[in-house]
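**Student:** Got a structure for you, written out below as structure tokens; questions coming shortly.
The values are calculated or read from the model by the stated rules, or taken from the named source; none is laboratory data. From a predicted model like this one, the values you see are computed outputs, not experimental measurements. Glycine also receives a Cβ, built like all others from the backbone with ideal geometry; neighbour counts cover every protein chain displayed. The area values use the complete protein model at the heavy-atom level, side chains included, leaving out ligands, DNA and RNA. Shrake-Rupley method; radii C 1.70, N 1.55, O 1.52, S 1.80 Å.
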Amino acid sequence: MELFTKYYMEWKGGRKSGNTSYTNIPRFYYRLPAEDEVLLQKLREESRAVFLQRKSRELLDNEELQNLWFLLDKHQTSPMIGEEAMINYENFLKVGEKAGPKCKQFFTAKIFAKLLHNDPYGRISIMQFFNYVMRKVWLHQTRIGLSLYDVAGQGYLRESDLENYILELIPTLPQLDGLEKSFYSFYVCTAVRKFFFFLDPLRTGKIKIQDILACSFLDDLLELRDEELSKESQETNWFSAPSALRVYGQYLNLDKDHNGMLSKEELSRYGTGTLTNIFLDRVFQECLTYDGEMDYKTYLDFVLALENRKEPAALQYIFKLLDIENKGYLNVFSLNYFFRAIQEQMKIHGQEPVSFQDVKDEIFDMVKPKDPYKISLQDLINSSQGDTVTSILIDLNGFWTYENREVLVASDNDNTADVDDT
């Protein structure tokens with residue numbers, strides 16, 4: 001070993017390197033403080049807080065944004081397009097020089113080219129540019145706001161972190177003013193589940209802050225700042241008070257024995273009450289339950305999956321339930337296993353059962369899987385028919401809607417014609 005070390009050091013010393021930095025390897029890993037290292041944890045937290053405050057000060061404030069708008073308006077380039085004020089590249093650079101160092105990052109050729117849309121004079125819309133700046137500032141502000149709740153400082157939010165963020169956000173949203181404080185915990189749970197259901201498909205228990213910013217959920221949540229938000233917008237917004245109360249109210253209505261949990265029999269009355277027993281069996285086999293009963297959090301995942309069947313995350317949830325053999329694909333056996341329950345329900349309702357062979361052929365024609373005998377999750381997603389296929393297999397009402405689609409379309413057309421005539 002001594003000889004090896006001697007010869008290795010001689011060899012290493014004899015090598016000529018053009019870059020002296022190669023002789024010292026920089027440190028690239030810093031261990032996170034352990035739970036019992038209180039002082040190191042406090043130091044880390046304070047350092048992050050100071051860093052985030054500095055980043056926050058680098059952002060444009062309201063006064064600076066108003067000044068930017070004034071400068072842009074002052075340097076607009078004629079002629080206007082309708083009521084749209086425009087600016088050319090020369091004036092764009094002049095505004096960049098006068099706007100101050102904080103604005104410098106926005107006045108680049110790349111951003112100008114990005115916003116350039118077929119203007120014959122080579123100009124961009126002042127309003128579009130200003131909206132771009134506002135959006136960037138908002139994203140950075142939100143990133144900093146979310147990072148304050150990132151306890152580990154790793155760019156992720158755990159479930160408890162996001163719960164704290166939303167709980168402290170509630171008083172700033174006028175549309176939630178009417179919520180009772182006793183309902184806050186249920187509201188927070190309802191809101192957080194949507195983030196984790198769609199952004200944490202592998203169920204790791206944490207979400208990237210970047211993913212939160214990239215999706216539209218935060219926009220939907222912060223839309224509740226609008227005091228004049230329409231009733232229609234509230235009904236379609238998962239985060240609104242009416243929507244949260246609707247979902248929680250459904251849960252309470254299903255809970256007939258009032259024990260705060262749902263049994264399979266209670267869940268069978270969900271929606272139109274036409275989900276098959278076989279599908280519900282699979283729900284209780286695969287999902288987290290407590291003594292065979294489902295809690296509110298598990299129920300929220302169930303609702304999000306069934307109300308968003310076109311979305312990949314929802315299809316992944318349902319596919320896992322349909323894949324009874326855990327093979328990663330659905331074959332003829334799997335399809336027949338679930339469709340048999342639809343046939344039995346049809347008999348109960350006095351309807352003539354449809355042949356499985358016909359339904360199977362239609363499903364494979366719709367999905368067009370890579371393997372003609374197997375349907376994978378990716379096949380379902382790629383086909384854009386995943387919602388229809390899953391409805392056919394798990395819900396009598398969904399199958400009936402598919403089977404009578406031509407009649408329903410004709411009926412809709414007739415109704416439209418009647419309205420036009422009046």
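**Student:** Quick one: what pairs do we get from region 354-367, first residue under 16 Å from Ile342 (Cα atoms), second aliphatic (A, V, I, L, M) and crowded, with 16+ Cβ neighbours inside 10 Å, C-beta under 6 Å, 6+ apart or different chains?
**Tutor:** Lys360/Leu335; Ile363/Val389
**Student:** Can I ask one more? Just for helices (runs of 4 or more DSSP H) wholly inside region 247-335: which have at least 2 residues that are of a type in the set (D, E, K, R) and either within 30 Å of Ser383 (Cβ to Cβ) or modelled with pLDDT under 95 (or both)? Please lay out each step first, then the result.
**Tutor:** Details: elements: 264-267, 277-286, 296-307, 312-322.
It comes to 277-286, 296-307.
**Student:** Moving on. Looking at region 264-316, which of its residues are closer than 22 Å to Val389 by Cβ, in contact (Cβ under 8 Å) with a residue 40 or more places away in the chain and among the hydroxyl-bearing types (Ser, Thr, Tyr)?
**Tutor:** Answer for region 264-316, where residues must be closer than 22 Å to Val389 by Cβ, in contact (Cβ under 8 Å) with a residue 40 or more places away in the chain and among the hydroxyl-bearing types (Ser, Thr, Tyr): Thr272, Thr274, Thr276.
**Student:** Scan region 110-157 residue by residue and report those that are farther than 20 Å from Leu222 by Cα and of a type in the set (A, V, I, L, M).
**Tutor:** Passing the criteria: Ile111, Ala113, Leu115, Leu116, Ile124, Ile126, Met127, Val151, Ala152.
**Student:** Shifting gears a bit: What is the one condition in (1) open to solvent by 70 Å² or more (accessible area, probe 1.4 Å); (2) in contact (Cβ under 8 Å) with a residue 12 or more places away in the chain; (3) closer than 28 Å to Leu213 by Cα that Phe51 does not satisfy?
**Tutor:** (2)
**Student:** Sort out which residues of region 92-149 are in a loop (DSSP other than H, G, I, E, B) and hydrophobic (A, V, I, L, M, F, W, C), and write them in order of number.
**Tutor:** Ala99, Phe107, Leu115, Leu116, Leu148
**Student:** Sticking with this structure for a sec: Go through Glu58, Glu35, Glu83, Glu64 for me and flag whichever is farther than 30 Å from Gly155 by Cα, of a type in the set (Asp, Glu) and either modelled with pLDDT of 90 or more or open to solvent by 70 Å² or more (accessible area, probe 1.4 Å) (or both). Give the derivation first.
**Tutor:** Numbers: Glu58 fails: farther than 30 Å from Gly155 by Cα; Glu35 fails: farther than 30 Å from Gly155 by Cα; Glu64 fails: farther than 30 Å from Gly155 by Cα.
When all the criteria are applied, what remains is Glu83.
**Student:** Oh, and also: Between residues in region 62-84 that are of a type outside the set (Phe, Trp, Tyr) and residues that are open to solvent by 90 Å² or more (accessible area, probe 1.4 Å), which pairs lie under 6 Å by C-beta distance while being six or more apart or on different chains?
**Tutor:** What qualifies is Leu71/Lys98.
**Student:** Can you tell me which residue is surrounded by the fewest Cβ atoms within 10 Å (Cβ to Cβ) among those in region 187-221 that are in a helix (DSSP H, G or I) and of a type in the set (S, T, N, Q)?
**Tutor:** Applying the first criterion (in a helix (DSSP H, G or I)) to region 187-221 yields 187-199, 209-214, 217-221.
Next, from what is left, pick out any that are of a type in the set (S, T, N, Q): 190, 210.
On the way: Thr190: 25, Gln210: 12.
Within region 187-221, the match that is surrounded by the fewest Cβ atoms within 10 Å (Cβ to Cβ) is Gln210.
**Student:** Here is a further query. How many residues does region 222-244 hold that are out of contact with any Lys or Arg (no Cβ under 9 Å at 6 or more places or on another chain), assigned to a helix (DSSP H, G or I) and open to solvent by less than 90 Å² (accessible area, probe 1.4 Å)?
**Tutor:** The total comes to 8.
For (1) more than 23 Å from the chain's Cα centre (by Cα); (2) under 18 Å from Ile318 (Cα atoms); (3) open to solvent by 70 Å² or more (accessible area, probe 1.4 Å), each residue gets a yes or a no:
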| position | (1), (2), (3) |
| --- | --- |
| Lys256 | yes, no, yes |
| Ser263 | yes, no, no |
| Ser268 | yes, yes, no |
| Gly273 | yes, yes, no |
| Leu280 | yes, yes, no |
| Thr289 | yes, yes, no |
| Glu293 | yes, no, no |
| Tyr299 | no, yes, no |
| Ala305 | no, yes, no |
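**Student:** Given the structure, is Lys55 touching a His at 6+ places or on another chain (Cβ under 8 Å) and assigned to a helix (DSSP H, G or I)? Spell out how you get there, then give the answer.
**Tutor:** On the way: touching a His at 6+ places or on another chain (Cβ under 8 Å): yes; assigned to a helix (DSSP H, G or I): yes.
When the stated conditions are applied, Lys55 passes them.
So that you can scan it fast, the table gives a plain yes or no per residue for (1) open to solvent by 50 Å² or more (accessible area, probe 1.4 Å); (2) more than 29 Å from Ile212 (Cα to Cα):
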{"position": "Glu90", "(1), (2)": "yes, yes"}
{"position": "Lys98", "(1), (2)": "yes, yes"}
{"position": "Ala113", "(1), (2)": "yes, no"}
{"position": "Phe130", "(1), (2)": "no, no"}
{"position": "Arg135", "(1), (2)": "yes, no"}
{"position": "Gly145", "(1), (2)": "no, no"}
{"position": "Gln154", "(1), (2)": "yes, no"}
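**Student:** Name every residue in region 97-123 that is over 23 Å from Met80 (Cα atoms) and touching a residue at least 40 places away in the same chain (Cβ under 8 Å), in order of residue number.
**Tutor:** Lys102, Cys103
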